[in-house]
Amino acid sequence: MQSVPFFNYSALFVSQQEHLLQTFQDVSRRGAFITQKDLSDFEQHLAEFSGARYAIGVGNATDAMEMLLAAAGISSGDEVIFCSHTMVATASAIHVNGATPVPVEAGPDHLIDPVSIEQAITHRTKAIMPTQLNGRTCDMAIVQEIADKHNLLIFEDSAQALGSRFQGRHAGTFGVGGCISFYPAKILGCLGDGGAVLCNDRDIYDKIMLMRDHGRNPLTGDIDLWGRNSRLDNLQAAFLDLQFKEYDKIISRRRYIATIYQEQLDPLGQLLLPPAPDSSPDHFDVFQNYEIEAERRDELKVYLADQGVGTLIPWSGKAVHQFNKLGFSQLLPYTDELFKKLLMIPMNMSLSDADVHYVAGCISDFYKK
Ligand SMILES: *Cc1c(COP(=O)(O)O)cnc(C)c1O
């Protein structure tokens, strides 16, 4: 039987072993472990690629969001609206700043629902924080319009969306700042944890550069503000920079896989698929995930596992507002229904064309039975 894991972690290393080992030797022999040229080079490439004025490498995307919100002054008494279909990290970044995370509905495209945003706005609302989920950027024209109307800031959880665009503009560059994750299973993954903040504002940039390094002013040695240690490891930055050279190819490959899935699965009629790669002139999607809505989802998951195909139910099956222990009281019926059907099928760089056809074939078999 063929085996198609949901994600192959060791392949991330093995597929580029020689180059990674060379990089490891080169960086290590220089003793360049903390905030060295490899990091600043990667930051520069990241900024150039995304069209952001600044990119700051940090420990992970969760730290990135925490520091971004802090730098923008989000604090106790503030409410920040986010989509409940996201990683809990989006909400925790709001919470650790003393503010209240306010979850709202996902829409049919699985991204934040604009109507739901407007309904959740109160006199305490300070910001909207959309998650650019699955490598797709939401309709930022509408989000911007709502933000302008109510005088709100925008922060983007673009952990999954490096390279994704809306109307030509990159995820992470719309609001005060955007946060990218380099967790190994992300589109640009390193061999451990890593993240970045994209921003255009000099003051935000200066603050986060200080915050990620204990608040230490590199010129005076003085401590300018309360900080922490959340520097993107120089070795990881070197690994990332190496892969980043191929990033356009990585995105093309993912979009190609999405095209095969679209062709093979759309005729079945029992699934709702993500929008096809070229279905809208406004959206350029990079397919961090291929998240479908499936009838008889749980049965399908078991069937695929029996055929050797790994799948994943997002966030272990719960939207953020469904984590009872966190004390949310919002009722989000659309998202509740959505979470009975969501399933992610393999979408990664280890898949051969034959693997993709095999996965699609197994899904077809399940619904034809
Ligand atoms: C992966 C992810 C995060 C967290 O990223 P880390 O780098 O692991 O902190 C946050 N939000 C979303 C939507 C993610 O997918």
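Some notes on this structure:
- Arg216 passes every criterion in (1) within 12 Å of the chain's Cα centre (by Cα); (2) free of Cβ contacts under 8 Å to residues at least 24 places away in the same chain apart from (1).
- Filter pass, Ile121 being open to solvent by 10 Å² or more (accessible area, probe 1.4 Å) and farther than 20 Å from Gly327 by Cβ: yes
- Qualifying residue in the stretch 178-189 (condition: touching an Asp or Glu at 6+ places or on another chain (Cβ under 9 Å) and at positive phi): no
- Condition met for Leu152 (outside the structural domain of Ile345 (by TED's automatic domain parsing) and touching a strand residue (DSSP E or B) at 6+ places or on another chain (Cβ under 7 Å)): yes
- Residue match in the stretch 197-209 (condition: surrounded by fewer than 17 Cβ atoms within 10 Å (Cβ to Cβ), assigned by TED's automatic domain parsing to the domain that holds Leu21, within 14 Å of the ligand (Cβ to nearest atom) and modelled with pLDDT of 95 or more): no
- Qualifying residue in the stretch 176-190 (condition: away from the ligand (no atom under 16 Å from the Cβ), farther than 26 Å from Arg231 by Cβ and of a type in the set (A, V, I, L, M, F, W, C)): no
- Test: residue in the stretch 122-129 that is within 16 Å of the ligand (Cβ to nearest atom) and under 22 Å from His283 (Cα atoms): yes
- Residue satisfying all of: in the stretch 46-69; open to solvent by 30 Å² or more (accessible area, probe 1.4 Å) and hydroxyl-bearing (Ser, Thr, Tyr); nearest to the ligand (Cβ to nearest atom) among these: Thr62
- Residues (assigned to a loop (DSSP other than H, G, I, E, B) and touching a strand residue (DSSP E or B) at 6+ places or on another chain (Cβ under 9 Å)) located in the stretch 250-277: Gln270, Leu273, Pro274, Pro275, Pro277
- Remark: pairs (first residue in the stretch 85-96, under 9 Å from Thr62 (Cβ atoms); second residue more than 10 Å from the ligand (Cβ to nearest atom) and of a type in the set (A, V, I, L, M); Cβ separation under 6 Å; 6+ apart in sequence or on different chains) = Ala93/Leu69.
- Residue match in the stretch 70-87 (condition: more than 16 Å from the ligand (Cβ to nearest atom), over 19 Å from Gly175 (Cα atoms), open to solvent by 30 Å² or more (accessible area, probe 1.4 Å) and assigned to a helix (DSSP H, G or I)): no
The values are calculated or read from the model by the stated rules, or taken from the named source; none is laboratory data. This structure is a prediction, so every number in the text was calculated from the model and none was measured. Backbone-built Cβ (ideal geometry, glycine too); neighbour counts: all protein chains shown. In case anyone asks, the SASA skips ligands and DNA or RNA and just uses the protein heavy atoms, side chains included. Shrake-Rupley method; radii C 1.70, N 1.55, O 1.52, S 1.80 Å.
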